[in-house]
Every structure is written in C-alpha cells, then in structure tokens.
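**Student:** Quick one: the structure is below, questions incoming.
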Amino acid sequence: MRRSRLHLPTTAVLAACALAGCGSAPDSELPPPAQPAKAPPLTEEPKGVIDPSTVHYEPAWKVDPDAPPVVEQDGPPATDPTLGPNQADAGDGRLRGTLDTRKRTLTVVDKRTGERQSVPAGVGPAQLVSEADRFYVTDATGNGLLVFQTKPELRLTRRVALPGTPFTIAADNKEHDLYVVLSARNELVQLPAHGQPFVRRRFKTVRGVHLMNAWNGTVLMRGTDQSQQLGPRDTQGEPQG
C-alpha cells in the first residue's frame, strides 16, 4: 500500500501540478485570473447601514503615495503606500507577500535578508491579506480560504471550505478578524484570524461587493450601486456559528 501511494500515474501528477499553479508557462499562456461570481438578486435585507450611493473609499494600493498624510480619528489605519495590488506585509512588516493570480502562486520576500520563497496558491486565487505571521488567500475557483504560515518556512497549513465563490477579503488587525465576501451569495462571513479559522458570523450584503475595509470592529463595503457599513454591535456580538 505504501508503494502504491508513492507511484502516482503521470497524468495525475500533471493534473495536480496544473491545478496548483506549478510549471513555467509564459504569461501569455497562463489562464486569466479568477473573477467574482455574478451577483444574484437580493433575497434578504442587507445587514447594517445601507447607503444608496458609493462611499469615497479606495483600497490602499490606489492611494497616491505623494499625497500628504491624512489622519482620520474614526477611519482605517494608515497603510504602507509601497504596497501594490494583492500585496500584504506579515511578521511585523518584515515579510512582503505578493499574490500572482495568473501564475497562482504566493511569493514572500524577507525585506531584511532578501530571502525569497514561493508556493502554489490554490486553483483560482483572488485576493490576499495578512495577520501576524500568516497570509490568507481567497480561492474563488476552489471555494475556499487558504491559510499560509511563514514559520519556520512558507507553507500552506489549512484550507477552509467557503462555498459561494469567495473573493473580496479584508483583515481587521485590531480585532484579529477576517472578513470574506461570498460573491455568489451576497454574503459576508467573519472568521477569527488565527491558524484554524472558522465561520463565526454571517451577514447579508448589498450586491456586487468589490471593495472592503475593516478596522476596530467596523466593516465598510462598496457594492455595485450601494455601500454598506457594519459596526462593532454587528460584528462583536454573540457568535452565530
């Protein structure tokens, strides 16, 4: 039995390799990045405060790095302007992670030593966030949340099943929570940001949430034609499971 598990058929190995994102195909031959699901019609009233217009919020990587700093008492914390799309820092800012949604890889560089590590990142990775010494990736095609540990080396340690095409993700580094939008369900799930995350709460959202930020128990989302805000009373109440 042991020998049979060591000698996999060649076709199975190649298929597994393709799904994991390994190989060295040129960019022109790579599949397109995963996309969120088409938002279905609303069947339930979204939770929290709904604004019929879109709020003035841009993700960190769209902020002009040459603009003067703006301090907002009730707004999200300042973010390193050197972060690009699908980049995040972990390990007290020492580790810079970059998610390549076409090559389906997560690459982490130690900014002090220059050491570089790269691992496969699911079937159709979408977005990346970090918390403490971990990176989290939504796998839209694989319907899951991938957890990557960085100590003692970069590796995938857990996959949390999240049916519903998980796409947009945000980390509340103050409350140590993760928020993932299930784009096919108009639903937001909250998970604890540790090594074994699980769905703690679920919230109905506006249609087409594509931008999100979270801080101090507050979650701000921008949808197709509406914005939505959840407050600490929503996100820090009794867990729903």
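Derivation of every value follows stated rules applied to the coordinates shown; laboratory data play no part. Quick caveat: nothing in here was measured; it's all calculated off a predicted structure. So basically every Cβ, Gly included, is an ideal-geometry build from the backbone, and we count neighbours across all protein chains shown.
**Student:** Name the shape class, rounded, prolate or oblate, that the alpha-carbon gyration tensor gives for region 145-241, where a ≥ b ≥ c are the square roots of its eigenvalues, rounded holds for a/c under 1.5, and otherwise prolate holds if a/b is larger than b/c and oblate otherwise.
**Tutor:** On the way: a/c = 1.82, a/b = 1.46, b/c = 1.25.
In terms of gyration-tensor shape, prolate.
**Student:** Amide H of Asp177 versus every other amide H placed in the peptide plane: which residues, excluding those fewer than 5 positions away on the same chain, fall under 5 Å?
**Tutor:** Asp172, Ala193
**Student:** Can I ask one more? Would you mind putting 205-218, 122-135, 105-118, 223-236 in packing order, based on average other-beta-carbon counts within 10 Å, highest first?
**Tutor:** The densest-packed peptide leads the list: 122-135, 205-218, 223-236, 105-118.
**Student:** Bin width 10 Å, alpha-carbon pairs only: give the P(r) of region 38-235 as whole percents, running from 0 to the bin holding the largest distance.
**Tutor:** Over region 38-235, the share of Cα pairs per 10 Å bin runs 9, 37, 38, 15, 2, 0 percent.
**Student:** Check the straight Cα-Cα distances from Lys174 and name the lysines below 25 Å, setting aside those fewer than 8 residues away within the same chain.
**Tutor:** Lys47, Lys62, Lys111, Lys151, Lys204
**Student:** Could you pull the Cα extents of region 192-231 along its three principal axes, largest to smallest, in whole Å?
**Tutor:** Principal-axis extents of region 192-231 (Cα, largest first): 35, 19, 14 Å.
**Student:** Still on this structure: What do you get when you divide the Cα radius of gyration of region 131-182 by 2.2 N^0.38 Å, with N the number of residues?
**Tutor:** Here the Cα radius of gyration is 1.13 times the empirical estimate.
**Student:** Measuring from label point to label point, each 7 Å out along Cα→Cβ, what is the Asp133 to Lys174 span in nm?
**Tutor:** 2.6 nm
**Student:** Using Stokes-Einstein with the Kirkwood hydrodynamic radius over Cα pairs, what translational diffusion coefficient do you get for region 104-201 at 20 °C and a viscosity of 1.002 mPa s, in µm²/s rounded to a whole number?
**Tutor:** 159 µm²/s
**Student:** Between beta-carbons, use under 13 Å as the cut-off and find the net charge around Leu188, counting Lys and Arg +1, Asp and Glu -1.
**Tutor:** +3
**Student:** How far apart, in nm, are two points set 7 Å out from the Cα along the Cα-to-Cβ line at Arg112 and at Glu153?
**Tutor:** Each label point is offset 7 Å from its Cα along the Cβ direction, giving 2.0 nm.
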